[in-house]
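Below: the structure, in structure tokens.
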Amino acid sequence: QVQLVESGGGLVQAGGSLRLSCAASGSIFSIKAMTWYRQAPGKQRELVATITGGDTTNYADSLKGRFTISRDNAKNTVTLQMNSLKPEDTAVYYCMVNWGTSWREYWGQGTQVTVSS
């Protein structure tokens, strides 16, 4: 199994940048992929970005060019670099790991990102 700890959320002005981190511990050798999701109040949870063990990345079309996902295998950490932030980026951001042969999902607790006008 995997445990996830997220950090880096906070309040930022529109146009600013923020970096979120998600550190994984436990059976880290069985991690298949890491993904960032977000959920704004009253909205459905949406995929932000995914990175696989081979460092293949996938982004939501609306976020491509502003957000960058990366991983540090030595620390088993996935990072989301968010640039040119907009008020509509305000949401709780969640880290999710796919683990094992069944690609079981493990979720972090979420971190709040608030972008002011």
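The values are calculated or read from the model by the stated rules, or taken from the named source; none is laboratory data. These numbers come from a predicted model, not from an experiment. FYI the Cβ positions are ideal-geometry reconstructions off the backbone, even for glycines, and counts take in every protein chain you see. All accessible areas refer to the heavy atoms of the entire protein, side chains included, with ligands and DNA or RNA removed. Shrake-Rupley method; radii C 1.70, N 1.55, O 1.52, S 1.80 Å.
Counted residue by residue at 0.36 nm each, then reduced by the alpha carbon distance between them, the extension gain from residue 86 to residue 57 reaches 8.2 nm. Measuring r between the beta carbons of residue 66 and residue 1 and using R0 = 41 Å, the FRET efficiency lands at 0.80. Maximal additional length on extending the residue 11-residue 114 stretch stands at 36.6 nm, based on 0.36 nm per residue less the C-alpha distance.
The residues of the chain have, on average, 53 Å² of accessible surface per residue, using a 1.4 Å probe with all protein chains present. Close Lys pairs in the chain (alpha-carbon distance under 27 Å; sequence gap of 8 or more, or different chains): 6. Convex hull volume per residue, computed on the Cα atoms of the chain, equals 97 Å³. Label residue 29 and residue 101 with points 7 Å out from Cα along Cα→Cβ: what is the distance between them in nm? If labels sit at residue 29 and residue 101, their model points lie 1.6 nm apart.
Please report, as a whole percent, how much of the solvent-accessible surface of segment 29-68 comes from carbon and sulfur atoms (probe radius 1.4 Å). If you can, show how the numbers build up before the last one.
Numbers: 1080 of 2390 Å².
In segment 29-68, the share of accessible area belonging to carbon and sulfur is 45 percent.
Remark: spin-label model distance residue 39-residue 75 equals 2.7 nm, labels positioned 7 Å along the Cα→Cβ axis.
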